[in-house]
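The values are calculated or read from the model by the stated rules, or taken from the named source; none is laboratory data. Treat the numbers as computed from the prediction; the structure is a model and nothing was measured. In this analysis, Cβ positions are derived from the backbone assuming ideal geometry, glycine residues included, and neighbour counts consider all displayed protein chains.
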Amino acid sequence: MSVEKTEHMNSSTKRTKRLGKPAGIAIFWGLGLILALVLINHHNPLADQVTERMKKVSGCVLITFTCAIFAIYYERIMTIPAELFQSRKLIWKLAKNDFKKRYAGSYLGIVWAMAQPVVTVVMYWIVFDKVFDTRSQMVASGLEVPYVLYLTAGLVPWFYFSEAITQGTMALIEYNYLVKKVVFNISILPIIKVIAATFIHIFFVAVLLLVSVGYGYYPNIYTLQIFYYSFCMFMLVLGMSYMTCALVVFIRDLQQIINIALQIGMWATPILWNISMLKTDNMKTLFKLNPLVYVVNGYRSAIYEEVWFWEHFYSSTYFWIFTISMFCIGTLIFRKMRVHFADVL
C-alpha cells in the first residue's frame, strides 16, 4: 500500500511539473513582452535619438534571448532555485557557521574582516584626495559631495562583490568533503558563501551611513534603496558564482584569472573616478556595459543624490536582463558539470 502511495505521489509530482512548465514559460514570456513594450514606448526627450534607438533594439534582443534560453532550458534552470528554497533553513545555518569559522582562529576574529577594507578606504582617500588632489578634478566633472563620501559609496559595493565572487568561486573546493557525499545537496554551497559575504557587507553599509551623516547627508526615504541595490549585487554575484565555482573545479587557473580581473575591474568601474570625466558618450556607454556601474552609482544615488532607481530606466532594464541571463547560464553550467565534481575533487 505504501509503495502504491509513493508511486502515486511521484506521478502527481511529475504531473505537476509538466503542468507547471507551460505556465512558468508563459508567465516569463509575458513579463518579457510587457518589459519590451515599456522599453519601446519609453522616451527621454533629453536623450540622443540614435543612442536611444540603439538602447531599445539592444534591450529587445537581450529580452528575446533571455526568454528563449529560459523556455528551452526551463526544467534545468528551475531545478537549482527549487533546491535552494527547499534547503533554505540549512543554507541559513551553514552560512552563519561559515562566517563564524572563517575568523575563529584569530584573537580579534571578525575585526580582521573589517580592518583591511577600512584601511583601503583611508589609504585611497589620502593618496587621491590629499596627495594628488583628485578632488579638484572631480569638482570640475560635476561632483559636489566630499570625495571621501563618494569614494566610500563606491568601495562598499565593490568590496561586497570582490569578497562574494572570490569566496563563491572556491565554494566547491573548500567544501570538497561535502561534494563527495552522495546525499548532500551541493547546489547550496555557492549561496552559503555569498550570504556569508553579505554579513560583512552589512557592517560596511553601516560605516557608509556614518560617513554620510558625518558630512551632513542624513538617511531618508531614498536611503532605503540600499536594500534594493544590495539585492541586485547579491543576485548578480550568485549567478556568476554558480558558473565560476563549477569551472574552477576543472580549471584551477581560473582563480588567478578572477583575481587579475578584479584588479582590472576596480579601475574599469567608476569607484575612484567619476564617469562624467569621460569625454564622449560612446565611451560612457561602453563603460556602462559593466553591470557593476549600475550598482555603484545606485549606492551613491541612495546616499546623497536622492534619485530613484526607476529614473535610470535603461540602466535598470539592462542590469536585470544581464543578471537573469547570467543566472540562467550559471545554473545550466553548474547542473551540467555537477555529476563530475566528486570524481575531480
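When ASN282, ASN259 are screened for being out of contact with any helix residue (DSSP H, G or I) (no Cβ under 6 Å at 6 or more places or on another chain), at pLDDT 90 or above and in a helix (DSSP H, G or I), only ASN259 passes.
Taken across segment 175-188, residues that are surrounded by 15 or more Cβ atoms within 10 Å (Cβ to Cβ) and closer than 16 Å to LYS100 by Cα do occur, with at least one present.
If we scan segment 261-282, do we find a residue that is of a type in the set (Asp, Glu) and more than 28 Å from ALA342 (Cβ to Cβ)? Checking segment 261-282: at least one residue is of a type in the set (Asp, Glu) and more than 28 Å from ALA342 (Cβ to Cβ). A single member of GLY265, GLY239 is in contact (Cβ under 8 Å) with a residue 12 or more places away in the chain, under 26 Å from LEU62 (Cα atoms), surrounded by fewer than 19 Cβ atoms within 10 Å (Cβ to Cβ) and of a type in the set (Gly, Ala, Ser), and it is GLY265. Any residue at all in segment 195-215 that is buried (at least 20 other Cβ atoms within 10 Å of the Cβ), farther than 30 Å from LYS101 by Cβ, touching a residue at least 40 places away in the same chain (Cβ under 8 Å) and touching a helix residue (DSSP H, G or I) at 6+ places or on another chain (Cβ under 9 Å)? For segment 195-215, residues buried (at least 20 other Cβ atoms within 10 Å of the Cβ), farther than 30 Å from LYS101 by Cβ, touching a residue at least 40 places away in the same chain (Cβ under 8 Å) and touching a helix residue (DSSP H, G or I) at 6+ places or on another chain (Cβ under 9 Å): present.
If the condition is being of a type in the set (Phe, Trp, Tyr) and within 9 Å of GLY298 (Cβ to Cβ), then segment 309-318 contributes only PHE309.
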